[in-house]
Every structure is written in C-alpha cells, then in structure tokens.
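For reference, the structure is listed below as structure tokens.
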C-alpha cells in the first residue's frame, strides 16, 4: 500500500514513527465471583492508577453486556478498554454483569494518540476473564479490598504494517456504517457537538473501526477525544454520557435521544471520503470555518512569532530606567495578561511580574501560544544580558518566564526553555495567577513534575505563598485528580 500512516492528519508533525514500544498498565473492573460487593477493581498490575477511571468509564445502566471497544482520554494518559459479559455470579447467584478490561498508556512526547488507539484497542480486545476465573473459588474474594495482582504487561511493539491495520479498520467501519452517517459524525465533531453521535449502526464498532475514526481529524482534535464504540445499556442518557464521552456509537434504541442530525457539510464530507477511500491527502478542512475540539470554545491557531533582529544594548543604554530588549511580540488580539508578560520580559529592570494583580483577577482562560514564543524570549534574554545586570537577578527573570511557559502554555517542552537556575522561582509560580481548573491543562505527568520541583525550592516569600495556595487549592469540577495530586505531593514533601 502506497499510503503512509504519517500522511493522516492525526499523525501530523510526525516525521517518523517512534522507536521502541508502548508501555502500559492493566486493570480489570467488574464483579468479584461469589462476593456481595458492588463493582470493583478485581485485578490490576502494580503500576495501574485507578484514580477517577471507574467513574469516567460508566456507560449508563450497563444491563446489556456485549463486546465493544472504548477509548478514553484522562489528563495526559489514554485508556483502551474492552467490555464484555462477565462470567461472574455474585453472592446470591445473579449474573449478566458487564466487565471491563483496560490498558492505560501515557504517550511519550510527540507520540500521537491515534497510534495508541490503533495498537492498544485490538490488544485489549484479545483479553478475557481467564486471568481471574482460575481463582474463582478463592475465599479471598469476600474481602472487599482483595484484588489479583497482575504481572506487568509486556510492552506493545510498534509493527511495520500499520497501513494494513488501517485498511482493515476502514473495511470494518465501512461494513458497519453508511458514508453519510460518517460524514455527519465528523460534522458534529468539528462543530463542537458533545457527544457527537454515530447513528445507523446495528452492532458495536470493532476495535479497529473505532481507532480509525481518529485518523482524518486534525491532531489537535484527535488528541482530545474519548470514544465509546457502543452503549451496553437499556437505560442511558446521551446528555449525561456526553459529559464523559466526546463520540458515541449509538445503539438503535437510543437514537431518538441523539442530537438532531444535521446534514453533512463541507467539513464533514471530505474527512469521511478521505477515510473510506484511504486517501489522507483529501482530509482537508475548509479554512473559512473555525475548527474546535469537542466541548471547547473555538480558538484560532497560534500564530508563529515574527522574528525580531535584536542588538545588544550598549552599557549606557542598559542603565537607563526605560531600557528594553526587543523581543518577538504576542499575536494581534492577545489578552492583556500576555501583553503584560511581554512588557515584563522586555524591560531590563523588571525581575518579578505583578502576580499580586493577577491573583486578584486570575487568568480564567488560556489562549493558543505558539510553541516558539516563550523559548525565543528566554534565549534572547540569556544571550543579551547587559553586563551591568546582576547575574543572579537575571536568572530570576529567566526562571519567571520558564514558569510562565510551563503553566500558561501547557505542553511546553521543558528542554525548549531550559532548566531553572536561580533556585528562587518555583516552577508553579504562575499557578498563583490562574483559575484553579487551569492547572488540569498541564496533565498529570507535567503537573506532578512541576509540583515536586516547586516543593523542593528553598523557602522564600514566593515559595511560601505558593505552598499556602496549594494547601487551600479548591476542588476542580469533574477533575478531582488535580486536588488529589496536589495533596499527595504536599504530603510526600512534608508540607501538607
């Protein structure tokens, strides 16, 4: 097949497939055999983090168990799941329960979510209950805290035949759904409908059919989506499910609840045709229509900064009170806080931004910032430090901008801004300037690392203020892991 997997929009910016393997943890959610307890984790590997997963994976009444795939995004990790009818009976002999096999995966930097979906949904679908049915008669199941300790999963290799997997997934999708329904689904996704509903199905999507749905979508959208390949429930509210699932393959008995199906538009048709005809080059969006991730506000793409030719300041220029170093400006229409940060960065005398003012009027929404903007500021300031400026104070200024990059542009590669140098600026300094929920944008891994590094910073007024704010951090709606993670790291650092 001549089509390369890298041509699909969901693999954008990837020049070659990553080397190595996908490292996963495994868990099983279901009914313990012969026990009177409710659903619980009945088996898991040692590194399997259960935080918030069970709640996010709920699918209504779950009283019609059938095999189906699920793909869930949770923070900076993804969960591939397979559901099926459990062989377990509870303490009074009831059965017909739904069981869920899960693989959780945190992609390496730059690895597309679509790669994990293609490989892991098929893998998890091959699992069954035999791993615990061998121990069905164990009396330990009566203990509500008992679970089987699973061995670590063998890392999943990245095969060289991904194109054949895609072709098989598209064939299975084409056999399940009409082209018009698929185009309508992409129209809903691009319009920000949640859930976006795929109708016209008589049976659940296959694992690969669910995975290939991501391929023609812009990567910035594909990375954000959670997809349910079926709803195994006689009673379910699609509106409620839409709080957890961005895309739902809707069973016939729930179709009446689906959003009024809008006709596929000029956005949806090209994506459906590109996928079904295996022509990724045709997955082109009409540029006049704004594209947004499901459930998010429409935002324009981040504009790259305009290069500025900057010369070093002369010694006389550097000591003037209004001395400035020219730096690439934020894009037109940037919010006031980004303009203020640019002013701070350019001003030679400025060392600390006015975080007091921002904490009184916290940043409530992040905006697209090009990945090179903050690194270009830091690189220029490091290279053009005036001789008259104290080295230690200049390091503080650069560290302040590093914190801004990590907090205000989630996903910033730490290597692009360099290591913190002053030992006076906590990495999460700018957490003092944002609304509580925005920390979730960093994802669990980056937030955990920033918390640990911040709590190691030697005591000073700013670290003490940050630690106090973290101790009082309010719960984040629908993202309880934020407060739990903060509390966990405070406790580990002895500062709770």
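The values are calculated or read from the model by the stated rules, or taken from the named source; none is laboratory data. Small disclaimer: the values here were computed from a predicted structure and weren't measured. Every residue, glycine as well, gets a Cβ built from its backbone with ideal geometry; the counts of neighbours run over all protein chains shown.
Would you confirm whether any residue within the stretch 446-455 is modelled with pLDDT of 90 or more, under 22 Å from the mean Cα position of the chain (by Cα) and under 23 Å from residue 56 (Cα atoms)?
Yes, some residue in the stretch 446-455 is modelled with pLDDT of 90 or more, under 22 Å from the mean Cα position of the chain (by Cα) and under 23 Å from residue 56 (Cα atoms).
Would the stretch 79-91 turn up any residue that is at pLDDT 95 or above, within 27 Å of residue 166 (Cα to Cα) and not in a strand (DSSP E or B)?
no
Can you tell me which of 340, 347, 323 is more than 28 Å from the chain's Cα centre (by Cα), in the same structural domain as residue 408 (by TED's automatic domain parsing), farther than 18 Å from residue 385 by Cβ and at pLDDT 65 or above?
Unique residue meeting the criteria: 340.
I'm trying to understand the selection: among the residues of the stretch 476-490, which are out of contact with any helix residue (DSSP H, G or I) (no Cβ under 7 Å at 6 or more places or on another chain), part of a helix (DSSP H, G or I) and either under 24 Å from residue 243 (Cα atoms) or outside the structural domain of residue 442 (by TED's automatic domain parsing) (or both)?
483, 484
When the stretch 206-220 is examined, which residues are found to be buried (at least 22 other Cβ atoms within 10 Å of the Cβ) and part of a helix (DSSP H, G or I)?
The initial filter retains those residues of the stretch 206-220 that are buried (at least 22 other Cβ atoms within 10 Å of the Cβ), namely 206-217.
207, 208, 209, 210, 211, 212 - these are the residues of the stretch 206-220 that are buried (at least 22 other Cβ atoms within 10 Å of the Cβ) and part of a helix (DSSP H, G or I).
Collect the residues in the stretch 456-475 that are over 24 Å from the mean Cα position of the chain (by Cα), part of a helix (DSSP H, G or I) and buried (at least 17 other Cβ atoms within 10 Å of the Cβ), keeping them in residue-number order.
Across the stretch 456-475, the qualifying residues are 462, 463, 466, 467.
Take the conditions buried (at least 16 other Cβ atoms within 10 Å of the Cβ) and in a loop (DSSP other than H, G, I, E, B) and apply them to residue 62. Does it pass? Quick ask: steps written out before the conclusion?
Working: buried (at least 16 other Cβ atoms within 10 Å of the Cβ): yes; in a loop (DSSP other than H, G, I, E, B): yes.
Yes.
Identify all residues within the stretch 227-254 that are surrounded by 21 or more Cβ atoms within 10 Å (Cβ to Cβ) and in a loop (DSSP other than H, G, I, E, B); write none if there are none.
Scanning the stretch 227-254 gives 229, 230, 231, 232, 236, 245, 246, 250, 251.
Out of 144, 218, 251, 159, I need the residue that is under 15 Å from residue 70 (Cβ atoms) and either modelled with pLDDT of 95 or more or out of contact with any strand residue (DSSP E or B) (no Cβ under 6 Å at 6 or more places or on another chain) (or both). Which one?
251 is the lone residue from the list that is under 15 Å from residue 70 (Cβ atoms) and either modelled with pLDDT of 95 or more or out of contact with any strand residue (DSSP E or B) (no Cβ under 6 Å at 6 or more places or on another chain) (or both).
Taking the conditions exactly as written (in contact (Cβ under 8 Å) with a residue 12 or more places away in the chain and either buried (at least 17 other Cβ atoms within 10 Å of the Cβ) or at positive phi (or both)), does residue 341 satisfy them or not?
Against the criterion (in contact (Cβ under 8 Å) with a residue 12 or more places away in the chain and either buried (at least 17 other Cβ atoms within 10 Å of the Cβ) or at positive phi (or both)), residue 341 qualifies.
Take the conditions closer than 25 Å to residue 73 by Cβ, assigned to a helix (DSSP H, G or I) and in contact (Cβ under 8 Å) with a residue 12 or more places away in the chain and apply them to residue 447. Does it pass?
yes
Would a scan of the stretch 372-395 turn up a residue that is crowded, with 17+ Cβ neighbours inside 10 Å, within 26 Å of the chain's Cα centre (by Cα), assigned to a loop (DSSP other than H, G, I, E, B) and at pLDDT 85 or above?
Scanning the stretch 372-395 turns up no residue that is crowded, with 17+ Cβ neighbours inside 10 Å, within 26 Å of the chain's Cα centre (by Cα), assigned to a loop (DSSP other than H, G, I, E, B) and at pLDDT 85 or above.
Please verify whether the stretch 5-28 includes one or more residues that are touching a strand residue (DSSP E or B) at 6+ places or on another chain (Cβ under 6 Å), closer than 24 Å to residue 129 by Cβ, in the same structural domain as residue 218 (by TED's automatic domain parsing) and surrounded by fewer than 16 Cβ atoms within 10 Å (Cβ to Cβ).
For the stretch 5-28, residues touching a strand residue (DSSP E or B) at 6+ places or on another chain (Cβ under 6 Å), closer than 24 Å to residue 129 by Cβ, in the same structural domain as residue 218 (by TED's automatic domain parsing) and surrounded by fewer than 16 Cβ atoms within 10 Å (Cβ to Cβ): absent.
Could you name every one of the helices (runs of 4 or more DSSP H) located completely within the stretch 113-180 that has at least 3 residues being surrounded by 14 or more Cβ atoms within 10 Å (Cβ to Cβ) and either assigned by TED's automatic domain parsing to the domain that holds residue 197 or touching a residue at least 40 places away in the same chain (Cβ under 8 Å) (or both)?
Ranges flagged: 113-125, 162-176.
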